[in-house]
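The values are calculated or read from the model by the stated rules, or taken from the named source; none is laboratory data. Here the structure is a predicted model, which means the values were calculated and not measured. For neighbour counting, all protein chains shown are included, and Cβ atoms are generated from backbone atoms with ideal geometry for every residue, glycine included.
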Amino acid sequence: MSPTPTRFAVTMWQGRVAPVFDVCRQLLVLDVCDGAVVASTSHGIETDEPLIRASRVVALCGSTLVCGAISEPVAQWIRARGVRVLGFVAGEVDEIVEACVKGELPCARYAMPGCASPRRRRMRRCGEQESHRECGRGRK
């Protein structure tokens with residue numbers, strides 16, 4: 001019996017993580033099994049209504065959403081439905097997917113500018129409201 005894949009989603013904009021979840025139009029959904037992507041599909045999100053967008057994402061993304069900036073009410077709504085939110089992530093989608101597969105998120109290297117500062121960590125506002133774990137890589 002083969003293991004069940006883990007499903008996660010990354011918001012996209014021009015090959016990068018979309019900088020703002022609340023207005024993103026593309027979602028990359030990935031199934032990962034044994035450290036490898038076994039399936040990936042791109043989905044359009046064609047609504048400006050935050051809760052409709054969040055509901056669509058919850059239906060598609062499985063266990064984890066990786067995104068850029070996200071408003072706290074929307075993030076809380078998504079979390080309340082059992083989806084882990086890794087917000088305030090920045091970078092090329094391919095690089096972020098690789099980091100997800102390796103279990104390297106959250107990580108200061110992929111934090112949006114200003115998100116990985118000591119003050120922000122103390123305020124517990126990065127990603128899923130927990131400190132970024134250091135992955136041993138500095139931001140380039």
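Points worth noting:
- Residues in the range 10-39 that are modelled with pLDDT of 90 or more, closer than 15 Å to Ile96 by Cβ, outside any helix (DSSP H, G or I) and not β-branched (Val, Ile, Thr): Met12, Trp13, Gln14, Gly15, Arg16, Ala18, Pro19, Gln26, Leu27, Leu28, Leu30.
- Taking the range 30-52 as the range and being under 22 Å from Glu72 (Cα atoms) and of a type in the set (A, V, I, L, M) as the test, the residues that pass are Ile45, Leu51, Ile52.
- Only one of Gly127, Gly62, Gly103 that is at pLDDT below 95, closer than 27 Å to Ala39 by Cα and in contact with a Gly (Cβ under 6 Å, 6 or more places away or on another chain): Gly127
For every residue, the table says whether it meets (1) free of Cβ contacts under 8 Å to residues at least 60 places away in the same chain; (2) closer than 18 Å to Cys24 by Cα; (3) over 12 Å from the mean Cα position of the chain (by Cα); (4) surrounded by fewer than 19 Cβ atoms within 10 Å (Cβ to Cβ).
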| position | (1), (2), (3), (4) |
| --- | --- |
| Val74 | yes, yes, yes, no |
| Trp77 | yes, yes, yes, yes |
| Gly82 | yes, no, yes, yes |
| Leu86 | yes, yes, no, no |
| Val89 | no, yes, no, no |
| Ile96 | no, yes, no, no |
| Cys100 | no, no, no, no |
| Pro106 | yes, no, no, no |
| Arg109 | yes, no, yes, no |
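- Matching residues in the range 89-103 - criterion: being in contact with a helix residue (DSSP H, G or I) (Cβ under 8 Å, 6 or more places away or on another chain) and at negative phi: Val89, Ala90, Glu95, Ile96, Ala99
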